[in-house]
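Undergrad: The structure's right below; bear with me while I get my questions together.
The values are calculated or read from the model by the stated rules, or taken from the named source; none is laboratory data. Being a predicted model, the structure only gives us computed values, none of them experimental. Every residue, glycine as well, gets a Cβ built from its backbone with ideal geometry; the counts of neighbours run over all protein chains shown.
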Amino acid sequence: MSRAPWSGAVGEAVVANIRSDENIRTRFGDYVHRRRRALGLTQDEVTAAGGPSDAAQTRAENGTGPAPSAETLRKLDLGLRWEPGSAARTLAGGEPTPIEDVAPPPRRRAPELQLGPRQIPLDLETLVDLLGPQGRLSRLALEHPEIGALAEISADLDDVVGSITGAYVTRLLEANGGPEGPRQPLLEFAFGHLLEVPAAANDPDELEEALYRRFLYGRTADMDTHTRERFRQRWETNRQRWQRSEESA
């Protein structure tokens, strides 16, 4: 009597493999079906989102027909919002990873705006160029007192130019020997008003800078010992900083 073609150990192995494949396909189909239902999508909506056709989805969910192709698996990832490779991994016995469970890649921070140096060199020619318009505007304000806004603008410009000019004169005096340096009549002629104590110094910083310039110019008779020593320490500190800067340049 002839034997069945798949009898014996070989037949049992074949049957076991078929059943194993059926179990894998059933498990895979359960994952696909549950994911679609969890998203509240119809098969048509899965297809519209980049998933496979209705027929391919039905075969995948029911575990029927040929095994899903690589293209079908890729489309299932898209339509079911799984991380790429999830469908193939699930078919092989693993677990899918929903897109919402994947940490987004760190966003690259936009480069911060570079504002440049807080201080820039100012040459004497530029300073003189500022003084010209300032003087003309001041004269216009005096000639037309009926224009109140003109006087206000002139006063504002005076404050700005005064701060710039004062910083320039301070640096000039510091660089030329400080309180022990030579007195320059031309400097006093051009910027003498910056070497006086302001008649109405409402700003403590403005008064401090005016007194410091007087110290640098050697006008220290009206200063107490503590003020002179404080200004000397400031001058020495600035001088040492400039020397280090020049040596490293």
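Undergrad: In region 209-233, what count of residues is obtained for those that are surrounded by 15 or more Cβ atoms within 10 Å (Cβ to Cβ), out of contact with any Pro (no Cβ under 9 Å at 6 or more places or on another chain) and assigned to a helix (DSSP H, G or I)?
TA: 7
Undergrad: Here is a list of conditions, (1) out of contact with any Ser or Thr (no Cβ under 8 Å at 6 or more places or on another chain); (2) farther than 30 Å from Glu246 by Cβ, and Ser138 meets all of them except one; can you say which number that is?
TA: If we test Ser138 against (1) out of contact with any Ser or Thr (no Cβ under 8 Å at 6 or more places or on another chain); (2) farther than 30 Å from Glu246 by Cβ, just (1) comes out false.
Undergrad: Still on this structure, I have one more. So, Leu130, is that one modelled with pLDDT under 90 and not acidic (Asp, Glu) or not?
TA: Working: modelled with pLDDT under 90: yes; not acidic (Asp, Glu): yes.
In short, yes.
Undergrad: Out of region 31-66, which residues are surrounded by 14 or more Cβ atoms within 10 Å (Cβ to Cβ), part of a loop (DSSP other than H, G, I, E, B) and either on the phi < 0 side of the Ramachandran plot or under 44 Å from the mean Cα position of the chain (by Cα) (or both)? Reasoning before the result, please.
TA: Step one: filter region 31-66 for residues surrounded by 14 or more Cβ atoms within 10 Å (Cβ to Cβ), giving 31-33, 35-36, 39, 41, 43, 46-47, 49-53, 56-61, 63.
Remaining after also requiring part of a loop (DSSP other than H, G, I, E, B): 41, 49-53, 63.
Residues satisfying the conditions are Leu41, Ala49, Gly50, Gly51, Pro52, Ser53.
Undergrad: Cβ-Cβ distance below 6 Å, separation of 6 or more or different chains: which pairs start in region 118-142 with a residue that is closer than 20 Å to Ile153 by Cβ and end on one that is among the small types (Gly, Ala, Ser)?
TA: Every condition considered, the pairs that remain are Leu137/Ser154; Ser138/Ser154; Ala141/Ala151; Ala141/Ser154.
Undergrad: Regarding region 180-191, can at least one residue be identified that is among the aliphatic types (A, V, I, L, M), surrounded by 12 or more Cβ atoms within 10 Å (Cβ to Cβ) and either without any contact (Cβ under 8 Å) to a residue 40 or more places away in the chain or under 25 Å from Gly162 (Cβ atoms) (or both)?
TA: So the first thing to find is which residues in region 180-191 are among the aliphatic types (A, V, I, L, M), and the list is 186-187, 190.
Next, from what is left, pick out any that are surrounded by 12 or more Cβ atoms within 10 Å (Cβ to Cβ): 187, 190.
Then drop every residue that is not either without any contact (Cβ under 8 Å) to a residue 40 or more places away in the chain or under 25 Å from Gly162 (Cβ atoms) (or both), which leaves 187, 190.
The answer is yes; a qualifying residue exists.
Undergrad: Let me ask something additional. I want to confirm something. Restricting to region 234-249 and keeping residues that are touching an Asp or Glu at 6+ places or on another chain (Cβ under 8 Å) and at pLDDT 85 or above, which single residue is surrounded by the fewest Cβ atoms within 10 Å (Cβ to Cβ)?
TA: My answer is Asn238.
Undergrad: Next up: Name the one entry in Leu187, Leu207 that is of a type outside the set (D, E, K, R) and within 19 Å of Asp158 (Cβ to Cβ). Outline the logic, then answer.
TA: Numbers: Leu187 fails: within 19 Å of Asp158 (Cβ to Cβ).
Only one candidate passes the filter, namely Leu207.
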